[in-house]
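So the structure is just underneath, and the comments pick up after that.
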Amino acid sequence: MSTAIKADPATPAGSADSLSRRRPLADRGFAWLALAAGLLVLAILIGIAASTAQQGSNWFSTAGFKGIFSTVWDVGNNQFGMMSFVFGTVLTSVIAIVISIPVSISVALLLTEVVPRRWGQPIIIIIDLLAVVPSVVWGLWGILVLEPWISPIYASIASGVHGIPVLDNLFGESNGGVSGASFFTCGLVLAIMITPIITSLSREVIATVPAIDKEGAYALGATRWEMIRGAVWPHSQAGVVSAILVGLGRAMGETIAAALLIGSSVQVTSHLFVPGYSIPAVIANEFGEASGEFRSALIGLGLVLFVITILVNLVARAVVDRSTRRSRGA
């Protein structure tokens, strides 16, 4: 009498290896194509970094670390310190992000969690259109409309905070007074430019939160704010941070608007209402007439901006990963 062999129901019908061997040729081709595309992007980034470093090596070998941390920019004497431009780039980007983040996230939550779809759709269309406005348009608007209007406001604020500690150092008058073309004006226009981008990306991420998670929070008696904090934000935190990084990259690399609005003054100062300079602005303004070591210094500035952008992305990604591990542990 033969005995029937019963298969274990927990055992899969076929192994993963056999399934991978039976994959159609199109699937394998697509996998190789995706891998090649990813490696191509990495190769392009490495090529850009290597080419920029090679062309800027003359300045790096001459100035060294002293040139990186120097604030002296004297073309006539071949002194090319980059710290003033790094300071201007970081300061204007920080101003833009500080203004843009609360506005962008608030509008994204408003459109996804508060406003009905039929009312929010026109706002979404307008935000998407603002995200693709060319930077030169924002720059011209800033220099022709915003700067003349905001200069008297700067003067009033500077006179109002005169003598007040900290505020006087930030918003008071410098030796040359205040100017409409300044760090703050540049940062303000950059904030206006990146807000539609961060809002649009954040809205798309927040819209992917499963409805069952939000309904479960409401079923437990949570208010709308508690539902957003407990269900929406943990699910969409990484995507929102990625959207902020996209906006930050746009702010740090913006050229035309920064060149028009920052004032083109090489200095490091705590005053926000005075002219300054940034890496993209100095490259755009002076690269056409540069040669020799001057040209090498400008290319070196581009490499430094590239490195700063990568470091900011790595730090932000580490913060997101740490926060994600904490939320999973909780």
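Computed values, structure above
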{"item": "Residue in region 115-123 that is charged (D, E, K, R) and in contact (Cβ under 8 Å) with a residue 12 or more places away in the chain present", "result": "no"}
{"item": "Tally, over region 271-295, of residues that are open to solvent by 60 Å² or more (accessible area, probe 1.4 Å) and either touching a strand residue (DSSP E or B) at 6+ places or on another chain (Cβ under 8 Å) or closer than 17 Å to S182 by Cβ (or both)", "result": "1"}
{"item": "Selection from region 106-119 of residues that are over 17 Å from S236 (Cβ atoms) and surrounded by 15 or more Cβ atoms within 10 Å (Cβ to Cβ)", "result": "V115"}
{"item": "Test: residue in region 140-156 that is at pLDDT below 90 and part of a loop (DSSP other than H, G, I, E, B)", "result": "no"}
{"item": "Residue satisfying condition, being closer than 29 Å to E204 by Cβ and open to solvent by 70 Å² or more (accessible area, probe 1.4 Å), within set V145, V137, V133", "result": "V137"}
{"item": "Pairs where the first residue, in region 169-188, is at negative phi and of a type in the set (D, E) and the second is part of a loop (DSSP other than H, G, I, E, B) and at pLDDT 85 or above, C-beta under 8 Å, 6+ apart", "result": "E173/H271; E173/F273"}
{"item": "Condition check for V268: at pLDDT 85 or above, surrounded by fewer than 17 Cβ atoms within 10 Å (Cβ to Cβ) and either farther than 23 Å from I68 by Cβ or in contact with a strand residue (DSSP E or B) (Cβ under 9 Å, 6 or more places away or on another chain) (or both)", "result": "yes"}
{"item": "Lone qualifier among G76, G163 - being small (G, A, S), at positive phi, out of contact with any His (no Cβ under 7 Å at 6 or more places or on another chain) and open to solvent by 40 Å² or more (accessible area, probe 1.4 Å)", "result": "G163"}
{"item": "Check on A191, of a type in the set (A, V, I, L, M), in contact with a helix residue (DSSP H, G or I) (Cβ under 6 Å, 6 or more places away or on another chain) and modelled with pLDDT under 85", "result": "no"}
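Rundown of residues vs (1) of a type in the set (V, I, T); (2) open to solvent by 60 Å² or more (accessible area, probe 1.4 Å), yes/no style:
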| site | (1), (2) |
| --- | --- |
| I212 | yes, yes |
| E215 | no, yes |
| A222 | no, no |
| M227 | no, no |
| V240 | yes, no |
| V246 | yes, yes |
| R250 | no, yes |
| G253 | no, no |
| I256 | yes, yes |
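The values are calculated or read from the model by the stated rules, or taken from the named source; none is laboratory data. This one's a predicted model, so the numbers in the text were calculated from it and none came from an experiment. Here the Cβ is made from the backbone with ideal geometry for all residues, glycine too, and neighbour counts use every protein chain on show. All accessible areas refer to the heavy atoms of the entire protein, side chains included, with ligands and DNA or RNA removed. Shrake-Rupley method; radii C 1.70, N 1.55, O 1.52, S 1.80 Å.
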